[in-house]
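The values are calculated or read from the model by the stated rules, or taken from the named source; none is laboratory data. What you see is a predicted model; the values in this text were computed from it and never measured. As a convention, Cβ positions derive from the backbone with ideal geometry for all residues, glycine included, and neighbour counts pool all protein chains shown.
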Amino acid sequence: MLIKRSPNGADIPFGSEITPQEVYESRRRFIAQMAVGAVAGSALWEMANRQAFAQVPAQRLAGKPNPAYAVPEKQTPFRDAASYNNFYEFGLDKSDPAEYAHTLKTRPWTVSIEGEVRKPMTIDIDSLVKLAPLEERVYRLRCVEGWSMVIPWVGYSLSQLIKKVEPTGNAKYVEFTTLADRTQMPGLGSRVLDWPYVEGLRMDEANHPLTLLTLGMYGQTLPNQNGAPVRVVVPWKYGFKSGKSIVKIRFVRDQPKTAWNESAPQEYGFYSNVNPDVDHPRWSQGTERRVGVDGFFNKKRKTLMFNGYPEVASMYAGMDLKKYF
Ligand SMILES: Nc1nc2c(c(=O)[nH]1)N[C@H]1C(S)=C(S)[C@@H](COP(=O)(O)O)O[C@H]1N2
Ligand SMILES: [Mo]
């Protein structure tokens, strides 16, 4: 997500041993050197933010590759996917989550599944991992800011979990709530959003096989900065619909009040399907840059309708997607 602010970051090679102070100093120098301009989401910004991160030890988490869900495009290197993040609970800079999310405690962790269901449950994360066979799915994920990644995620269709809790006929939407704990998340001091981070899907979207309950990436448990220990990934929608570090999944009758829609309704609709024909009020959504793959001089890629997942189109038949953006 993008708010009006100046770019910053440090051009420090990955893996080098640096202190936070050095990062800070170097970042200040970089800002001073950089020409003022709209570089948000650009290769320059990405480069500026690429730096060493405190990597919480990951555990192997393999999924059976599912060839039906594997885009045949060059993947974003792990290093980029785990160091260029949006996770505002840890700060607004792309580099903040990688720098600060090591304070997130992902064990013990439970997810409460409640609301309009016959079998509500509070499930421990280790049981959630075992609830259905893990798959590896290579998805595109596009941020509303105009960059995208191709990531091999590990998880299973959210629908597998949904059928276990037996939603009632009143369940029309699903609401996802992220952890909000000031002792673990330094970004909660900022008032950009009304915490906790809440996202939501219509029931058919939540049940669509593409919607992935995600527990890992690149054959490992999720790095904290990518939403450990569990997040959703909804690849045909802008990245902010894919809420991280989920503690509650609630089935409801009415369209959930989602964090970004509440904070800037004219910019971030509830649906937020990737749509090159509906511009963001402050920029075009027609093109994108692939993080870690496209360099400085690459031509921008054309953004595809539904992010290149046309199979979801039937869910929106008859809806004016300019109105329901
Ligand atoms: N809880 C929470 N989830 C979040 C966000 C956030 O700030 N907080 N940012 C969203 C945005 S804008 C994007 S683009 C994706 C980025 O996911 P990634 O860092 O794993 O690529 O996470 C989404 N999920
Ligand atoms: Mo995003």
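A few remarks follow.
- Cross-chain or 6+ apart pairs with Cβ under 7 Å, the stretch 236-248 first and touching a residue at least 40 places away in the same chain (Cβ under 8 Å) and hydroxyl-bearing (Ser, Thr, Tyr), then away from ligand 2 (no atom under 11 Å from the Cβ) and assigned to a strand (DSSP E or B): 242/231; 242/232; 242/233; 245/178; 245/231
- Residue check, residue 307 at pLDDT below 95, farther than 24 Å from residue 163 by Cα and touching a Lys or Arg at 6+ places or on another chain (Cβ under 8 Å): no
- Of the residues in the stretch 309-319, at least one is touching a residue at least 40 places away in the same chain (Cβ under 8 Å), closer than 29 Å to residue 83 by Cβ and either assigned to a loop (DSSP other than H, G, I, E, B) or under 17 Å from the mean Cα position of the chain (by Cα) (or both).
- Beta carbons closer than 6 Å, at least 6 apart along the sequence or on distinct chains, pair a first residue in the stretch 257-279 that is closer than 18 Å to residue 319 by Cβ and free of Cβ contacts under 8 Å to residues at least 60 places away in the same chain with a second that is buried (at least 19 other Cβ atoms within 10 Å of the Cβ) and of a type in the set (Ser, Thr, Tyr) for 261/268; 276/303.
- Count - residues of the stretch 215-262 that are closer than 30 Å to residue 169 by Cα and within 15 Å of ligand 2 (Cβ to nearest atom): 18
- Residue check, residue 106 on the phi < 0 side of the Ramachandran plot, surrounded by fewer than 19 Cβ atoms within 10 Å (Cβ to Cβ) and in a strand (DSSP E or B): no
- Residues that are farther than 23 Å from residue 149 by Cα, in contact with an Asp or Glu (Cβ under 7 Å, 6 or more places away or on another chain), within 16 Å of ligand 2 (Cβ to nearest atom) and in contact (Cβ under 8 Å) with a residue 40 or more places away in the chain occur at least once in the stretch 187-210.
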